[in-house]
Amino acid sequence: MQNKNAQASLGWVFLAAIISVNAISAPLLSQAVRSTQRPFDFYGHELKLGEAESSILAGLSKDGFAVVKIKVTGTDSYLVNRPPTNPGGEIAPLGSLDFRDQKLTRASKTWFSGDGSAAEFSTVLQRVFSAVRTSNVTECFMDQGESQSPEGESRSTYFVCGDRKIEILVASVKSPSSTQAQIEEVLEGRK
């Protein structure tokens, strides 16, 4: 049980690291973002930038997703989780949603999270690049970011093509000592 709580805590550390690194790097990345107007598949829900907050949240809740509001300055932000399969069980983070003026401005989908094998990581990376590829975008942009705190550090690499972004995060936590990786696909409009 203690190991599951530590794993759940690491999941929340990842999401906090992603939010903080994304806030730092967003001005750089927004220069490369052009809308493709292609729906974003968020676990069976097709999302579009500018879509109504109430409609998206109602659809996710109806399908049993656990949606938790978090405090982020200037936006209404939510973590989307798979509910635990048993009482007191582990909650699996699936991604996040940001809204401004009740309209979707950002959605992120977690494709990989953990300390799996290199083969598993590579396979997921290939799948997420295939999902992001669009026929009407001919230029992509790459950037990197990092964040350090007394608890650990995180390093991110971003690939931006149109309004889609792939974030690859590697985070190291000092206590208990652990290194984890995560791949996210992000739909994001201009800031």
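The values are calculated or read from the model by the stated rules, or taken from the named source; none is laboratory data. Predicted model only: the values in this text are computed from it and were never measured. Glycine also receives a Cβ, built like all others from the backbone with ideal geometry; neighbour counts cover every protein chain displayed.
Just name the residue that is farthest from residue 49 (Cα to Cα) out of those in segment 153-191 that are small (Gly, Ala, Ser) and at pLDDT 85 or above.
As a first pass, look at segment 153-191 and keep what is small (Gly, Ala, Ser): 154, 156, 162, 171-172, 175, 177-178, 181, 189.
Add one more test, that the residue is at pLDDT 85 or above, and what stays is 154, 156, 171-172.
Values: 154: 28, 156: 24, 171: 29, 172: 32 Å.
Among those that are small (Gly, Ala, Ser) and at pLDDT 85 or above, it is 172.
Does any residue in segment 168-186 that is crowded, with 19+ Cβ neighbours inside 10 Å come within less than 9 Å, Cβ to Cβ, of a residue that is at pLDDT 85 or above and not in a strand (DSSP E or B) six or more places away or on a different chain, and which pairs are these?
Filtered contacts from segment 168-186: 173/151.
Among what's in segment 37-46 and is surrounded by 13 or more Cβ atoms within 10 Å (Cβ to Cβ) and either under 15 Å from residue 76 (Cβ atoms) or charged (D, E, K, R) (or both), pick the residue that is modelled with the lowest pLDDT.
Selected residue: 38.
Is there a residue in segment 13-25 that is more than 25 Å from residue 178 (Cα to Cα) and either modelled with pLDDT of 80 or more or surrounded by 15 or more Cβ atoms within 10 Å (Cβ to Cβ) (or both)? If you could, list the steps in order and put the result at the bottom.
Initially, segment 13-25 is screened for residues more than 25 Å from residue 178 (Cα to Cα), giving none.
The answer is no, given that none of the residues of segment 13-25 is more than 25 Å from residue 178 (Cα to Cα) and either modelled with pLDDT of 80 or more or surrounded by 15 or more Cβ atoms within 10 Å (Cβ to Cβ) (or both).
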